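The values are calculated or read from the model by the stated rules, or taken from the named source; none is laboratory data. On a predicted model such as this, the values are computed, not experimentally measured, just so you know. Cβ placement follows ideal geometry from the backbone for every residue including glycine, while neighbour counts extend to all protein chains displayed. Accessible surface areas use protein heavy atoms only, side chains included; no ligands, DNA or RNA. Shrake-Rupley method; radii C 1.70, N 1.55, O 1.52, S 1.80 Å.
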Amino acid sequence: MNRPMSTNRAPASRAASPSPLTLLVRVNMRQAWRRLLAIRQQSRLLTALIVLFLGGYAALAFAIFYRGLRFAGSFPGLGAVLIERMLFLLFAFLFGLLLLSNLIISYTNLFRNRETSFLLPLPIPWESIFRWKFIESALLASWAFLFLIAPMLAAYGLTQGVPWHFYAATLGFLGLFIMLPAVAGSWLAVNLARFLDRRAFQVAALLVASGLLAATAIWLKTDPITDEQLETRVLVVLDRLLSRTHFALFPLLPSYWLSAGVQQWAEGALGAALFFALVLLSHVLFFGTLALTRMGNAFYAAVSMVQSRGSAMNRWPWFRAWQQRLDRRARSTGWLERALAWARPIPVDVRAVLLKDMRLFWRDTTQWGQTLVLFGLLGVYFLNLRHFSQQLTSPFWIFLVSYLNLGACALNLATLTTRFVYPQFSLEGKRLWIVGMAPLGLRRLVLAKFALASTLSLALTAGLIILSCRMLMLAWDRTLYLTVAITVMTFTLNGLAVGLGALYPNFKEDNPSKIVSGFGGTFCLVVSFLYIVASVVLLALGSPWTRYGEPGGSGLMPSWAGFVLLSAGVGWLPLRLSLRRISQFEM
Amino acid sequence: MIELIHLVKRFGDLVAVNAVDLVVPRGQFFALLGPNAAGKTTTVKILAGLMKPTSGAARIAGYDVQEQPLEARRRIAYVPDFPFLYDKLTPWEFIRFTGQLFQMSEERIASGARELVARFNLEPYLAKPIEALSHGTRQRIVIVSALLHAPDVVVLDEPMVGLDPHHARVLKDILKERALAGMTVFVSTHQLSVAEEMADRIGIMHEGRLIALGTRDELRRQSGTSGALEQTFLTLTRQEANLREEPPSSSAAPAAQSE
């Protein structure tokens, strides 16, 4: 019974066949290439927009880094130290971000990907499937990193007057560097999948994030620095600042090897730079070999575990009791529903849509997680402004920072509206048989989504702007001015996202991130960014207060007229056009 | 051939597959039936190597799916209920890619695909991107790719979904022909008509256990019914559910006998 049967396989043909990994790379490259061509064929405008946006970012980032590095380098005696520390800090933080990015992308790619399920029953060794997914995840997680730092490295090279080979060597350093977080990220992803289920992972992630936040708050707690200290004890202040960033110089950090290697090469110390290159190479070879040759079985065990798991926490009686309690309460009215029931002027069907959207937002960790991270970081930054209030005595800086904060808050919101509000209509389109056929109607559905998204995001943006004004000790009239401005911008950005989402629907896709990456989503992001830049400039130019904080600025009326017109064009117009289109929509 | 040896799969507290023993000999057309959440898809996934059993073993053509995975997977073809396809490839590129993964020579791929492509009427679509094709056409491409390497065992999960009556007939004919030539066919389905018309032997799963196994006539006798398979299926699953509700002392569920 156990003896293998004879089969009609043709062993002779095997030698000529390419390896499974080669086949997978080839077929996926063909797919990627056709996707690129499809973008160009679908819309020249989209291609032009993407190229313009990428080129614009590269040019602007280069200009800012170049000027910033020149400025920092102009401090006699301190410039070189500051630039060196900034370089080490930047790569240390990027290492952390790359690790996180690799972990998330590897997890999705290895365990939530339909290609993986397709490949597993085929005669491909688990190692080969893991290798391909590792390569794919590393590329997906790292390309943005390379794109982001390229202008900075070009500016660094130019300010340091480096020879041409610096750029080639840096590329080599970066190529080695990105492998380490890729290996660590994939290893972590496999082990998380193997030992933690979704709920246990969420609990662990929350605990780790809280721990990190607490550690950061204790470690990086800002000390107030007086003007007197700044004038008389510059070196002491600087030393305090540098001591807080000393962790970036920990010699066992891969970012240290990269920073030191790049810096030594720029300074012409090629021997020392080569040493760091070899340190990187040896680690990449060691851990890379382990990952590519020893992870296959662990990967398969994790895949099987992910598909098999009920809940890892089911073994604890308290958890089972809690689940049973939740099950019993499943049919009762939740607190959210009870709270919404108070809003009697809102019709019942609209309330049902609002309740459904709020529940989906709450149950989708990605949505509230990203919102929390983006606005949480901004909130922490605003709160920290109080430590600089003694340096921010100059009315000019207060003026400037208040408008920069307005722009930062709006940019955060634009990221979220494009990512989460824009795809709403397309996703709803899949369920047109429910909502589209109901007496509610698509028009009211779109308006309900606009109202809900605007109200929820306004609570965040207005709250943050009031916090920013409070930290900057602005008077109530200036606080009101900026709050009204962010309110208009919030409604505009939501109107744009909802409107374009309905004008450019994609009913084929289930994945919101793929819906966003189409023409409408890219267009929405670019228009949002341009609108924010134009609005902040208009509002600052037409401010009723001068740059020195005194009343009497000129141009309030024309600038507000421009701002309102711009907001109407960017927010109201797409929403109106979408409502008109929806009325002619054929299901 | 397929062997399931005392197969158990647990998801936490839930026993999805409970001590299933089954042998499907070479050249047999076997249909696995069962109500929702009976454990059919879990059994199929274990057979396809997508998940490990908690205990027991699954063998394909004598090779243990877990211990000798590559040998087992060279001999099996798996058609899932929601198959994955590379959307930007053309059907021909996809078929060729699958053949290459099975290390088939270009000549073998071309000759193997020729007949299948013709019978499933895929010729007009071979150069079009897969993303532009209908659900039924995509399903036909998956079936052609799966059968291309002439597997010893083919495992299909709801294979008729999306196929029009003509192509459903073509698939039934091909499966029957291949079964006669020695290929073992294992179909998991809710469509009782497929089992009734095609299967040499039928297994019925309920709450993770294989509660009945045999030919249509054997199942009819076991259930004490006559007529369509639907009646047999409903009676057997209802009997099993009733037995479960009775006190343990009186429960004596008939154990399914393997071949």
Kirkwood Rh over Cα pairs of the stretch A:511-576 into Stokes-Einstein at 10 °C, 1.306 mPa s: D in µm²/s?
117 µm²/s
Using the Karplus curve 6.51 cos²θ - 1.76 cosθ + 1.60 with θ = phi - 60°, what ³J(HN,Hα) values do you get for each residue of the stretch B:15-28, in whole Hz, with x for Gly and Pro?
9, 7, 10, 10, 6, 8, 10, 7, 10, 10, x, 4, x, 9
To the nearest 20 debye, the protein assembly as shown has a Cα-centred charge dipole, built from +1 on Lys and Arg Cβ and -1 on Asp and Glu Cβ, of 720 debye
√(5λ) per eigenvalue of the Cα gyration tensor, the protein assembly as shown, largest first, Å:
56, 34, 27
Tally Lys/Arg at +1 and Asp/Glu at -1 over every other residue whose Cβ is under 15 Å from the Cβ of A:Thr483; what's the total?
+1
Around B:Leu32, which amide H atoms from residues at least 5 apart in sequence, or from another chain, sit under 5 Å from its own amide H, with H modelled in the peptide plane?
B:Val187, B:Ser188, B:Thr189, B:Gly203
Hey, can you grab everything whose amide H is under 5 Å from the amide H of A:Leu196? Only 5+ residues off in sequence or another chain; H modelled, so Pro and N-termini drop out.
none
With no solvent and one point on each alpha carbon, what is the Debye value of log10 I(q)/I(0) for the stretch A:464-508 at q = 0.14, 0.21, 0.26, 0.29 Å⁻¹?
-0.48, -0.68, -0.85, -0.94
Near A:Ala189, within a Cβ-to-Cβ distance under 12 Å, what is the net charge of the other residues, with Lys and Arg +1 and Asp and Glu -1?
+3
Per-residue SASA entry for A:Val348, accessible area with 1.4 Å probe, Å² rounded to 10:
110 Å²
With only alpha-carbon atoms counted, please give the Rg and Dmax of the stretch A:434-498, in Å.
15.8, 53
Using alpha carbons only, how many angstrom separate the centre of the stretch A:247-263 from the centre of the stretch B:1-44?
55 Å
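What translational diffusion coefficient, to the nearest whole µm²/s, does the stretch B:84-150 have by Stokes-Einstein, given a Kirkwood radius computed over alpha-carbon pairs, a temperature of 4 °C and 1.567 mPa s viscosity?
Details: Rh = 11.6 Å.
Once the numbers are plugged in, D ends up at 112 µm²/s.
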Using 1/(1 + (r/R0)^6) with R0 = 22 angstrom and r between the beta carbons of A:Lys356 and B:His190, what's the FRET efficiency to the nearest 0.05?
0.15
What ratio of Cα Rg to 2.2 N^0.38 Å holds for chain B?
1.05
Enumerate the calculated ³J(HN,Hα) couplings along the stretch A:472-482 in order (Karplus 6.51 cos²θ - 1.76 cosθ + 1.60, θ = phi - 60°), each rounded to whole Hz, writing x wherever the residue is Gly or Pro.
8, 6, 7, 5, 4, 5, 6, 4, 5, 4, 6
Can you give the calculated 222 nm mean residue ellipticity of chain B, where each DSSP H run of n ≥ 4 adds -39,500 (n - 2.57) and the sum is split over every residue, rounded to the nearest 500 deg cm²/dmol?
-11500 deg cm²/dmol
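Tell me the net charge near B:Leu192. Cut-off is 12 Å between Cβ atoms, B:Leu192 excluded, with +1 for each Lys or Arg and -1 for each Asp or Glu. Don't jump to the answer; show the numbers that get you there.
Values: positive: B:Arg216; negative: B:Glu196, B:Glu197, B:Glu230.
Local charge sum for B:Leu192: -2.
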Based on alpha-carbon atoms only, what is the radius of gyration of the stretch B:153-227 relative to the globular estimate 2.2 N^0.38 Å?
1.17
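Accessible area, 1.4 Å probe, largest first: how do B:Glu93, A:Glu84, B:Glu123 sort?
Numbers: B:Glu93 35, A:Glu84 60, B:Glu123 120 Å².
I get B:Glu123, A:Glu84, B:Glu93, largest accessible area first.
As a test, work out the antiparallel percent of DSSP beta bridges whose residues both lie in the protein assembly as shown, rounded to the nearest 5. Intermediate values should be presented prior to the final figure.
Numbers: 20 of 37 bridges.
In the protein assembly as shown, approximately 55 percent of DSSP beta bridges are antiparallel ones.
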Among the listed pairs A:Lys449/B:Lys9; A:Lys133/B:Lys52; B:Lys40/B:Lys128; A:Lys356/B:Lys128, which have their C-alpha atoms separated by more than 32 angstrom in this model?
A:Lys449/B:Lys9; B:Lys40/B:Lys128; A:Lys356/B:Lys128
Hz values of 3J(HN,Hα) by residue in the stretch B:75-89 - Karplus curve (6.51, -1.76, 1.60), Gly and Pro given as x
9, 10, 10, 10, 10, x, 5, 10, x, 9, 9, 7, 4, 8, 8
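Which value, to two decimals, describes the C-alpha radius of gyration of the stretch A:342-583 once divided by 2.2 N^0.38 Å?
Numbers: Rg = 19.0 Å, N = 242, 2.2 N^0.38 = 17.7 Å.
Taking N as the residue count of the stretch A:342-583, the ratio is 1.07.
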Once amide H atoms are built 1.01 Å from N in the peptide plane, which residues 5 or more positions from B:Ala212, or in another chain, come under 5 Å H to H?
B:Ile204
List the aspartates and glutamates whose Cα lies under 17 Å from the Cα of B:Lys176, skipping any in the same chain that are fewer than 8 positions away.
B:Glu115, B:Asp152, B:Asp157, B:Glu158, B:Glu196, B:Glu197, B:Asp200
